[in-house]
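A short write-up of the structure that comes next.
The values are calculated or read from the model by the stated rules, or taken from the named source; none is laboratory data. In this text, all values refer to a predicted model and were calculated from it rather than measured experimentally. As a convention, Cβ positions derive from the backbone with ideal geometry for all residues, glycine included, and neighbour counts pool all protein chains shown. SASA here: full protein model, heavy atoms, side chains in, ligands and nucleic acids out. Shrake-Rupley method; radii C 1.70, N 1.55, O 1.52, S 1.80 Å.
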Amino acid sequence: MEKRGGEAVEGVTVSNKQVILREYVSGFPREDDMEVVLRKEIKLEVPRGSSAVLVKNLYLSCDPYMRLLMSPTLPNSIFSSYAPCSPITGYGVAKVVDSGNPEFKVGDLVWGTTGWEEYSLVTDPQGLFKIEHTDVPLSYYTGILGTPGMTAYFGFYEVCSPKKGECVFVSAASGAVGQLVGQFAKLEGCYVVGSAGSKEKVDLLRSKFGFDDAFNYKEERNLDAALKRYFPQGIDIYFENVGGKMLDAVLLNMRTRGRIAVCGMVSQYNLDPPEGVTNLMNIVYGRVRIEGFAVFDYFDQYSKFLDFVVPHIREGKIVYIEDIAEGLENGPSALVGLFSGRNVGKQVVVVARE
Ligand code: NAP
């Protein structure tokens, strides 16, 4: 194995640490459902004649949907399951080490779908975006400048169609997506309240992200009563991240012609079967529009999103909090921590810092 001056050099063979899924998961995922292994070597060269890209992974994104991929079957899913004993995959930030693709050259920084390993051969580079703005932290491309940012932006602006003065509720509000939805809602002149699972997170929502108010849903015995306290006139827009009991309570509090953007339902990902929702007739009474969406439907509008969000970051008008786990070894624990709310802000795993 050869690395010159700590740099990955095209053509040499190196060991490749990986995080593999041991077996399919049922119920809540545990750290030992995954294993960090060093059993593969990789040649830092794309196969001759292929249009693949060989990357060195720098930052990996922990996302709730990854739990869904740990199940053997995914009914009606837009994803496919992970294969046991293989490295798990997800979004990440990486540097190109070798390329058989004219769109990418050695040294380019990219973000997109990659493996949970030190080096990945990306056979379908269509899933990679070139990073142009490097005056912001590179890890942001797992969060505010990657899929969570686009999810918050397109989910809020396109699906919710916000108007000034409307009342917005965001669940999992301090997370990768939620913290941005709240800030976008404030930019639009909305009244916004968030729910989160600890006092620290509630304090952040109020003091750092500028939410008008926030509450700890774990301390509320009656979610309907809590929502009535914060939204005496009702909710115009609900940005749904958690599902289950929260959704049921929200349905009792929607205003006429309110909108619910269904981004995800993290409270349900470990339950089989999922919980039922009982207050569905309120959709009819209130003529409420409920719409699910998937961020990858908006990937072709990435540059429009960047044009909006990058100046806001530079001018300090939008802030972003990350929770950084150092080293691939700490990846499994960081990933499972999403399901107990251990992360404060966007959960990132650092594989290497360039
Ligand atoms: P995140 O909020 O950074 O992390 C997950 C958070 O969910 C945890 O920190 C925890 O916060 C909360 N949580 C975990 N279990 C819960 C439970 N049983 N009940 C209530 N809250 C629970 O995650 P994210 O990346 O921003 O994702 C938020 C949602 O967006 C997820 O549903 C995800 O699947 C979805 N998403 C959808 C798309 C799309 O294209 N539609 C794209 C990205 C993400 P607390 O401490 O507050 O409980």
Open item on the list: Net charge around F308, counting only other residues with Cβ within less than 13 Å of its Cβ (Lys, Arg = +1; Asp, Glu = -1)?
Closed with: -1
Open item on the list: On a 1.4 Å probe surface of the protein chains, which of F104, F79 comes out largest in accessible area, and what is the full order?
Closed with: F79, F104
Open item on the list: With the crude spin-label approximation of a point 7 Å out along Cα→Cβ, what separation in nm comes out for K164 versus L271?
Closed with: 4.0
Open item on the list: Using Cα-Cα distances under 8 Å and only pairs 6 or more residues apart, what relative contact order does the range 8-88 have, in percent?
Closed with: 37
Task: Distance in nm between pseudo-label sites at R287 and R221 (7 Å out along the Cβ direction from Cα) - done: 3.9
Task: Dipole of the range 147-296, positive end: most advanced residue of T278, C190, V242 [Cβ charges, Cα centre] - done: C190
Task: Virtual spin-label span in nm between E329 and S51, 7 Å along Cα→Cβ - done: 4.1
Open item on the list: Please compute the length gained on full extension between A352 and F79, using 0.36 nm multiplied by the number of residues separating them and subtracting their Cα-Cα distance.
Closed with: 95.5 nm
TODO: Compute the length gained on full extension between T13 and T134: take 0.36 nm times their separation in residues and subtract their Cα-Cα distance, giving the result in nm to one decimal.
DONE: 40.7 nm
Task: Accessible-area order (highest first, 1.4 angstrom probe) of the listed residues K346, K130, K245 - done: K245, K130, K346
- [ ] Given the options D212, D224, D300, state which has the largest fluctuation in a GNM of the chain using a 10 Å cut-off (strictly under) for Cα springs.
- [x] D300
Task: Relative contact order for the range 36-163, counting Cα pairs under 8 Å that sit 6 or more residues apart, in percent - done: 27
TODO: Sum up the charges of everything whose Cβ sits under 12 Å from the Cβ of E188, counting Lys and Arg as +1 and Asp and Glu as -1, but leave E188 out.
DONE: +1
- [ ] Show M265, M254, M34 ordered by accessible area, largest first, where the area counts protein heavy atoms only and the probe is 1.4 Å.
- [x] M265, M254, M34
TODO: For every helix of n ≥ 4 consecutive DSSP H residues, a contribution of -39,500 (n - 2.57) applies; sum these over the chain, divide by its total residues, and give [θ] at 222 nm rounded to the nearest 500 deg cm²/dmol.
DONE: -5500 deg cm²/dmol
